[in-house]
1. Just wondering, is there one or more residues in region 31-42 that are outside any helix (DSSP H, G or I) and polar (S, T, N, Q)?
2. If the Cβ limit is 7 Å and pairs must be 6+ apart or interchain, which residue in region 31-48 that is loosely packed, with under 12 Cβ neighbours inside 10 Å pairs with which residue that is assigned to a helix (DSSP H, G or I)?
3. Of all residues in region 1-30, count the ones that are at pLDDT below 95 and surrounded by 14 or more Cβ atoms within 10 Å (Cβ to Cβ).
4. Just wondering, is there one or more residues in region 8-28 that are part of a helix (DSSP H, G or I) and either at positive phi or small (Gly, Ala, Ser) (or both)?
5. Just for region 20-43: of the residues that are under 8 Å from the mean Cα position of the chain (by Cα) and not hydrophobic (A, V, I, L, M, F, W, C), which one is nearest to residue 6 (Cα to Cα)?
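The values are calculated or read from the model by the stated rules, or taken from the named source; none is laboratory data. Owing to the predicted nature of the structure, the values given are computational and were not obtained by experimental measurement. Note that each Cβ is placed from the backbone with ideal geometry, even for glycine, and that neighbours are counted across all protein chains shown.
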Amino acid sequence: MNLLDNIRTWNRIRQTRNELNALSVRELNDLGISRSDIPFIAKRAVMR
């Protein structure tokens, strides 16, 4: 990966984290996600 790819990947992970953090606790519970899982889920979702 080059620098530009790394920046794009980082930005997609950041956006995904922000979107998940915007959800309420109830919405996260409906998805089976806890707030502490968000960083791992965001990275996994983007790195596929």
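1. Yes - at least one qualifying residue is present in region 31-42.
2. 34/28; 35/28
3. Of the residues in that region, 0 qualify.
4. no
5. 43
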